[in-house]
Amino acid sequence: MALRSRLGEWSALRQLTGSDRLGRGAAAQSEHSRELEPRTVQADRVVDSICPYCAVGCAQKVFVKDGRVTQIEGNPASPVSRGRLCPKGSATLQLVTSPTRVRTVRYRRAHGREWEDLELDTAMDMIADRVIKTRKEFWEWESEGRRTRRTLGIASLGGATLDNEENYLMKKLYTAMGAIQIENQARI
């Protein structure tokens, strides 16, 4: 009896002797796999989102339970990605839930060897001070007798995750500061 019971656990035998001849249903399941359920079943809510990695804008469904992200999958309703995600998009859950994720502003002083945490307001003030200083230091009212009103000390290279609207706003911001070297990586 023990041998027959163990043979019943073998999926090939269940496939040959049962009603699931193609092995796509019950014949392919073990007792353990029948008890499993997807992480998405227990979600309290599902939030629509967009993958953060590139400018394609693949839609994602973010499954949340007790205020914590439990799963991220492609959204089949998306006309852009039709529920598919690239390897980086598929790893978005790790980006969100990794214990090594940096959640503070990190700063390393000039010639420093260690990183330190900064308050967000302190970091924003430091950036603003440096922009103002650099703009003043490299400002050109004119060059070769022509009015330029520009700075060559500030440039911008936008990342591939920026969409058209964000690139438009970045261009306006840097142009208003007098920068002329403005580019982005959005090539898709």
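Name every residue in the range 24-64 that is touching a residue at least 24 places away in the same chain (Cβ under 8 Å) and farther than 30 Å from residue 159 by Cα, in order of residue number. 38, 39, 40, 42, 43 - these are the residues of the range 24-64 that are touching a residue at least 24 places away in the same chain (Cβ under 8 Å) and farther than 30 Å from residue 159 by Cα. When 85, 95, 118 are checked against the criterion of being among the aliphatic types (A, V, I, L, M), modelled with pLDDT of 90 or more and closer than 15 Å to residue 71 by Cα, 85 stands alone in meeting it. Look at residue 94 and say whether it is touching a strand residue (DSSP E or B) at 6+ places or on another chain (Cβ under 6 Å) and without any contact (Cβ under 8 Å) to a residue 60 or more places away in the chain. It is false that residue 94 is touching a strand residue (DSSP E or B) at 6+ places or on another chain (Cβ under 6 Å) and without any contact (Cβ under 8 Å) to a residue 60 or more places away in the chain.
Condition check ((1) surrounded by 13 or more Cβ atoms within 10 Å (Cβ to Cβ); (2) closer than 25 Å to residue 184 by Cβ; (3) modelled with pLDDT under 80; (4) in contact with a strand residue (DSSP E or B) (Cβ under 7 Å, 6 or more places away or on another chain)) across all residues:
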residue: 11; (1), (2), (3), (4): yes, no, yes, no
residue: 48; (1), (2), (3), (4): no, no, no, yes
residue: 59; (1), (2), (3), (4): yes, yes, no, yes
residue: 65; (1), (2), (3), (4): yes, no, no, no
residue: 79; (1), (2), (3), (4): no, yes, no, no
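Here the condition is being part of a loop (DSSP other than H, G, I, E, B) and surrounded by 13 or more Cβ atoms within 10 Å (Cβ to Cβ); of 161, 175, 148, it holds for 161 alone. Among the residues of the range 108-143, those that are surrounded by 10 or more Cβ atoms within 10 Å (Cβ to Cβ), among the charged types (D, E, K, R) and not in a strand (DSSP E or B) comprise 108, 119, 125, 129, 130, 133, 135, 136. Quick check on my filter: what residues within the range 120-168 are in contact (Cβ under 8 Å) with a residue 12 or more places away in the chain, charged (D, E, K, R) and farther than 18 Å from residue 181 by Cβ? Listed by number, the list holds a single entry, 163.
The values are calculated or read from the model by the stated rules, or taken from the named source; none is laboratory data. Being a predicted model, the structure only gives us computed values, none of them experimental. Cβ: placed from backbone, ideal geometry, glycine included. Neighbour counts: every protein chain shown.
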